[in-house]
Amino acid sequence: MANTANATGPKTPPPDGITLFPPEIKSTPNSVGTPVVREGINTLGTNVDDIRPWIKRDIQDYKRALIDDMLKELLYRCKLESGSDSASASEFESKEKEKEEKEKVRLLHDAFKAGLALCKVAAMREAMEKHLTDFINAPTEVPSYEPFVRAVNHALTQLRDVNINGMITSKAAEDSEYIEGGIIFHHNDYPIKQKHQGVDTIRKPVVVVVSYESARSAMKDGKKAKRTQLYSDIACKKPGDNFTWPVVLSTFEFKCTPKKNKGENEKLKYDTVGVVDPPDIAEYMDYGKGRSNAVQPTGSTSVPVAASLQVQGMATRSSQKRNAETLGSNEGTTNSKRVKSNNEDPNDEKPKRTDPIAQNGMYAAEMFAAHPMRQHVISCVVEDETIYIWYFDRQNAIQCSGFNFVHDPVRFLVLLLAMQRLPYAHWGHNLTFEVEPEERIEVEDEVLGTVDLKFDFSSPDCTTHYGLRGRATNVFPVESTRLSHLAQNLPSRNNTDKLVAKIYWPEESRQGEAEILEEVHRIANEHPNVMDHVPDVIWSHTFQGT
């Protein structure tokens, strides 16, 4: 496939004399990147190099946010009264915006205080020092995965007892119907397959965030394992059985520089200081360039009263440049016995290293595809000792400025606290569609009243979307008693009660497809030979809060 990542999709002009769109709209604004090539998704079955440029196109003009701004937003979504996924434009424009911002600052302030208090506990501080010392002394990338997972899961177990006024408690989060037992970080680096247009993709994310029950299910003897054993030991190893993308809440992709002086181990020692300062510079990752956009942060201030931890007597490796011998993450090793992902040419003896930003983007695309109505994905890239949070939705991607989680464990704990308490809906899931395979949903319509729907997401006739931005069109067979009755009464020769549903995120600036087809029907009524070739729209509905 030619590299046409900057192209837009083909645009067919309407017949002479017919105007279906306002003249100022010339093309679909988001018809770039992966939305353009989704019809040719079967290229994934051979070599995903063909799709990588389109992922790059989806993320290359990402938006930027400061890390503390993202932490405030994530914490705010963990509020007890947290409701819909996104507020309306009118809410953002109202006076409530100022009140909301004050509450976000308060939550971040209180979370920093709680993180500091936890780090003052000797056992907690010593455990973090041990696990993160093992992490920074790993000679290459692969040996760093286990101590990272140990550090994170130990922190999660200690954070269970932390309560922030106004935030969901750990018990409430663990009792959630969709995240049973709470979250757990799990070393994966193991093939996860998913089918797109009849073709399997194979991905091997290094670390995945899943529910406690999903982790137990992936263990051969997981049902017998105690909670402490699962967090402290079992989850640090590869799973006994493959995870599936529908159970993955988030992924962590790694890019680590091999240690030059392998015989000289460093040792972490934390001492407390009096205030949590924003990072000195706001660093971002650029595709293919690594850490190249360091700028002075603006709009951030120190958070008073709370405090951080300071590393004493150690040198950082974060600023070292990657060299040609850098071992990649899951797709960068060359063990001939391993299962290759289809990010690689199976005939290559030494596979190409995928840029971690593109790799992270492809994991996000898999998470989107696993839940067709998923509204956003949160994932992270770990470069040496720096974490970059990525937030993807159907309009764009946001990258947060990185922070050094080894030198700044309090900020690290605040991120883990937010992830631990984040409701399932705020991981991006639309609860309206989170139903069992044979379960019907009911949607209230102003004209028709209650409309029943039963989607067949497993049908071989589905057309699914693989990508990040754009309309994300998915087409599924659907059953509906209410709508089938309407279909049978249509004045056309399409005499059937069989229905399909097209679910997508259209541009708000464009005319709706249902309106367009009304105009098409009006014109086609004058041409009987045309009428039978025009699809009938039985029902169109806009879901709010998406």
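Quick one: accessible surface of R522, probe radius 1.4 Å, all protein chains present, in square angstrom to the nearest 10.
Estimated to the nearest 10 Å², R522 gives 130 Å².
Which entries of K63/K97; K171/K204; K193/K220; K195/K255 have Cα-Cα distances beyond 24 Å here?
Among K63/K97; K171/K204; K193/K220; K195/K255, the Cα-Cα distance tops 24 Å for K171/K204; K195/K255.
Note down the magnitude of the dipole of region 440-533 about its Cα centre, charges +1 on Lys and Arg C-beta and -1 on Asp and Glu C-beta and zero elsewhere, to the nearest 20 debye.
Result for region 440-533 is approximately 320 debye, rounded to the nearest 20.
Counting pairs of alpha carbon atoms under 8 Å apart in space and at least six apart in sequence, what relative contact order in percent does region 440-533 give?
With pairs under 8 Å counted, the relative contact order is 20 percent.
D for region 440-533, whole µm²/s, Stokes-Einstein with Kirkwood Rh over alpha-carbon pairs at 4 °C and 1.567 mPa s: what number?
It comes out at roughly 84 µm²/s.
Compute the distribution of all C-alpha to C-alpha distances in region 95-205, in bins of 5 Å from 0, and list the percent of pairs in each, rounded to whole numbers.
Per 5 Å bin, starting at zero, the Cα-Cα P(r) for region 95-205 comes out as 2, 9, 13, 14, 16, 15, 13, 9, 6, 3, 0 percent.
If Lys and Arg each add +1 and Asp and Glu each add -1, what is the summed charge of the other residues whose beta carbon sits under 12 Å from the beta carbon of A111?
+4
Note down the nm distance, to one decimal, between modelled labels 7 Å out along Cα→Cβ at H533 and at E513.
A separation of 1.9 nm, rounded to one decimal place.
Local charge sum around F433 (other residues, Cβ-Cβ under 11 Å, Lys/Arg +1, Asp/Glu -1)?
Local charge sum for F433: -1.
Residues of region 440-533: accessible area per residue at 1.4 Å, in Å²?
62
Would you work out which of V199, H186, L132 lies farthest towards the positive end of the dipole of region 113-230? Charges go on Cβ: Lys and Arg +1, Asp and Glu -1.
H186
How much length is gained if the chain between E434 and L448 is pulled fully straight, taking 0.36 nm per residue apart and subtracting their Cα-Cα distance, in nm to one decimal?
2.7 nm
In whole Hz and in residue order, list the ³J(HN,Hα) couplings for region 457-462 that follow from phi through the Karplus curve 6.51 cos²θ - 1.76 cosθ + 1.60, θ = phi - 60°; x for Gly and Pro.
Running phi through 6.51 cos²θ - 1.76 cosθ + 1.60 with θ = phi - 60° gives 6, 9, 4, x, 8, 5 Hz.
Less than 11 Å Cβ to Cβ from L499, Lys/Arg counted +1 and Asp/Glu -1: what total charge do the surrounding residues give?
Its environment carries a net charge of 0.
Quick one: with all protein chains in place, what share of the accessible area of region 440-533 is carbon or sulfur, to the nearest percent (1.4 Å probe)?
48
Between N489 and R227, what FRET efficiency comes out of the Förster formula 1/(1 + (r/R0)^6) with R0 = 56 Å and r the beta carbon distance, rounded to 0.05?
0.50
Suppose every K and R has +1 on its Cβ and every D and E has -1 on its Cβ; what is the size of the dipole of region 389-546 about the Cα centre, in Debye to the nearest 20?
Around 640 debye, computed over region 389-546.
I need to check one value: relative contact order of region 89-157, counting alpha carbon pairs closer than 8 Å and at least 6 residues apart, in percent.
Over region 89-157, the number comes to 22 percent.
Can you put F405, F457 in order of accessible area, largest first, using a 1.4 Å probe?
Solvent-accessible surface, decreasing: F457, F405.
Run through region 447-525 and list the GluC sites (Glu not before Pro) located in a DSSP loop whose Cβ has at most 12 other Cβ atoms within 10 Å.
Listed in order of number, the matching sites are E508.
The values are calculated or read from the model by the stated rules, or taken from the named source; none is laboratory data. These numbers were taken from a predicted model, which means no experiment stands behind them. Positions of Cβ are generated from backbone atoms using ideal geometry, with glycine treated the same way; all protein chains shown enter the neighbour counts. Only protein heavy atoms, including side chains, enter the accessible area calculation; ligands, DNA and RNA are left aside. Shrake-Rupley method; radii C 1.70, N 1.55, O 1.52, S 1.80 Å.
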